[in-house]
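FYI, it's all coordinate maths here, none of it is from the lab. Quick caveat, the model's predicted, so the values are computed rather than measured. Positions of Cβ are backbone-derived with ideal geometry, glycine not excepted, and every protein chain shown enters the neighbour counts.
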Amino acid sequence: MRIDKDLVAASATPLVLGILADGDLHGYAILKRVDELSGGRMQWTDGMLYPLLHRLERNGLVRATWGLSEAGRRRKHYALTPAGQEALAQRRAQWEVVSDALHQVWSALPAPRAAEAWA
Amino acid sequence: MSEHGTLGDGPGLQHQIDQWRTWVSRRDAISPDDVAELEDNLRGRIADLRAGGLDDEEAFLVAVRRLGSIDEISREFARVHSERLWKQLVLVPGSPPEADRRRRDLAVLLALAVGAGMAVKALLALGDDRSFALNVAFAVLPFLAAYFAWSRSLPRRVAGTLAAIAGGVALAVNLYPFATDGHGTATATTYTLAAAHLPVLLWFLVGVAYTSGAWRDHARRMDFVRFTGELAIYFTLVALGGGLLTGLLLATFDVVDIDVEPFVQDWLMPFAVPGAFLVAAWLVEAKKSVVENMAPVLTRVFLPLTLVLLVAALVALLAGGPLTGVDRNLLILMDAILLLVLALVLYSTSARDPEAPAGAFDWLQLALVVAALAVDAVALTAMVTRIADAGWTANKTAALGLNVVLLVHLVQTGRVLWRFVRERGTFGAVERWQTRYLPVYAAWAAVVVLVFPPVFSYT
């Protein structure tokens, strides 16, 4: 399904940081992980992930290293830094507040409509 | 994914990816590393799509679409790496063979800069103003020519010829018995004229070294023109920086009551000025295509402004009644105006795409040339009779001769430009005329330096 651009932009950073907290990954693997986590319902524009990763790298939240893929091509791997872990904890706290509030709103509404909107 | 290994088997797919890479690489904001990263994504996505049953063609198209608009990605990259949109001059490049060459170049240049500094210092040590003004160009320019001779492996025959010509000229001007006032100070106008025209002549010889002997070649001449313009700008910038540093140095030592002025005058300046000149030349050589040329940009700014100035000057000359101040100063002023106009035309020519059709800017150039000719014609007609009355002094002859040289240049420039904007000629003709005429300036400078003193009996 199509998710609003602003929502994607807002959730991309915590998602990427959270996925990297699990272990180092290269760009395409991050995208596949997002696919898996959302059951294929959240599709990012692939190319836009890379400027985001570079921004996180520049801000010191992730560290990038060049390695090789199975096929022997140059491939960039990203890992979470201590500052990234801190940022992730902060974002997580913020998102918990937001999602908790939203959750209460949804539960106050008639169920089928809410389910449809978020399916 | 195990499917990764099968990628690249299809030549069609490989070709498509190559094309895609070339297309993406064209964006300034996307670096080669980013392209590699995006390509890795593309290949991963294609492999997965093929594993899902798509053929090469379909997989490629879907993967490219999933990647998203390259324009948008490029914009995002530009936001993160805004510095990439500014062209960076890498003075010592990363790749080893190129870096070694560049470092060796710089070492040779610095050695030559020190040599030029020592030559200037030795010349100053003679304590003779007269020989200093005549010889300062001989103390600096040969070192620049030597740098070109080294970096371009100039054929020995050409280098020998250049050295012989320069040596002959140096010998001649230093042996000329210029008139003095009895205290050894030169008062002869032919001496001043020779000193002023010598650098032009020598610069032409530097140009021969710059083109590694192929000075007849139109394209190489144009390169030298570009080099000269950029050198002037870089030297000015380096000199401004140097001036600022020197000012800070003087001010700081002044605070602690140490007088460094003798040091600055006797040691710093003789080495810093020629050094700055040679380093500026090296910078222009190093930057060449990496950084946009500045001289053509400046001409774009100043061409319309100069046109306004010329029209105002023309109106003033025509409305001001009889020209009272008609003397050599007016002639020199006219020469300066024509020189400025020609430099503007020359540098805007040097940066123009010869294939592009005539546009508004070419009309503007033509208008500028016509205005300059009109101003010069008014001034000249007023002057000719007066010169005839007052006789031919060396100064007036030199100024008038230069005026004639410039006029011929300008009239023909106007003609080829006119043909071009009327679509009867090519821009190539405009370019070629500019470069073909350049040696005339050297020839005129040679006449003033070598022929004028004896003709005007060294006064």
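Determine ³J(HN,Hα), in whole Hz, for all residues of the range B:66-80 in sequence, where each value follows from phi through the Karplus function 6.51 cos²θ - 1.76 cosθ + 1.60 and θ = phi - 60°; x replaces Gly and Pro.
Values, residue by residue: 5, 5, x, 5, 5, 4, 5, 4, 4, 5, 5, 4, 5, 5, 6 Hz.
Once you order the gyration tensor axes a ≥ b ≥ c over the Cα atoms, which shape class does the range B:321-459 get: rounded for a/c under 1.5, otherwise prolate or oblate by comparing a/b with b/c?
Oblate, because a/c is 1.5 or more while a/b does not exceed b/c.
Would you tell me the mean number of C-beta atoms belonging to other protein chains that fall within 10 Å of each C-beta in A:23-31, as a whole number?
Neighbouring Cβ atoms belonging to other protein chains average 3 per residue here.
What residue among A:Tyr28, A:Tyr78, A:Tyr50 has the largest mean-square fluctuation in a Gaussian network model of chain A, using Cα springs under 10 Å?
Checking each option, the largest mean-square fluctuation is seen for A:Tyr50.
Starting from the Cα of B:Leu318, step 7 Å along the direction of its Cβ; do the same at B:Tyr437; then give the gap between the two resulting points in nm.
For the pair B:Leu318/B:Tyr437, the computed spacing is 2.3 nm.
Provide the FRET efficiency to the nearest 0.05 for the B:Leu106-B:Leu237 pair, computing r from the beta carbons and using R0 = 22 Å.
0.75
Near B:Lys288, which lysines are there with a Cα under 29 Å away, not counting those fewer than 8 places off in the same chain?
Filter leaves B:Lys87.
Compute the helix-to-body angle for B:32-51: its Cα long axis versus the longest principal axis of chain B, expressed 0 to 90° and rounded to tens.
20 degrees
Taking 25 °C and 0.890 mPa s as the conditions, I'd like the Stokes-Einstein D for the protein assembly as shown in µm²/s, using the Kirkwood hydrodynamic radius from alpha carbon pairs.
D = 81 µm²/s.
Mind checking which aspartates and glutamates have their Cα closer than 12 Å to the Cα of B:Lys121? Skip sequence neighbours fewer than 8 apart in that chain.
B:Asp266
Convert each backbone phi in the range B:244-254 into a coupling constant with the Karplus relation 6.51 cos²θ - 1.76 cosθ + 1.60 (shift: θ = phi - 60°), then list the ³J(HN,Hα) values in order as whole Hz, x for Gly and Pro.
Residue by residue, the range B:244-254 yields 4, 4, 4, x, 5, 4, 4, 5, 5, 6, 5 Hz.
Quick query: amide H of A:Thr81 versus all other amide H atoms, modeled in the peptide plane; which residues come in under 5 Å with a sequence gap of 5 or more or a different chain?
Hits under the 5 Å cutoff: A:Val62, A:Arg63.
What average count of beta carbons from other chains do you get within 10 Å of the Cβ of residues in A:48-60?
5
If I model a spin label at B:Ile258 and B:Phe361 as a point 7 Å from the Cα along the Cα→Cβ vector, what separation in nanometres do I get?
Inter-label distance under the simple model: 5.1 nm.
What do you get for the angle between helix B:294-319 and the principal long axis of chain B? Use alpha-carbon atoms, 0 to 90 degrees, nearest ten.
It works out to around 40 degrees.
Quantify how strongly other chains surround peptide A:75-83 by giving the mean number of their Cβ atoms within 10 Å of each of its Cβ atoms.
Going residue by residue through A:75-83 and averaging, the value is 1.
Based on alpha-carbon centroids, what's the gap between the range A:73-87 and the range A:16-39 in Å, whole number please?
A separation of 12 Å, based on Cα centres.
Mind sorting B:Asp181, A:Asp46, B:Asp254 by how few other Cβ atoms lie within 10 Å of their own Cβ, fewest first?
Going from least to most buried by this count: B:Asp181, B:Asp254, A:Asp46.
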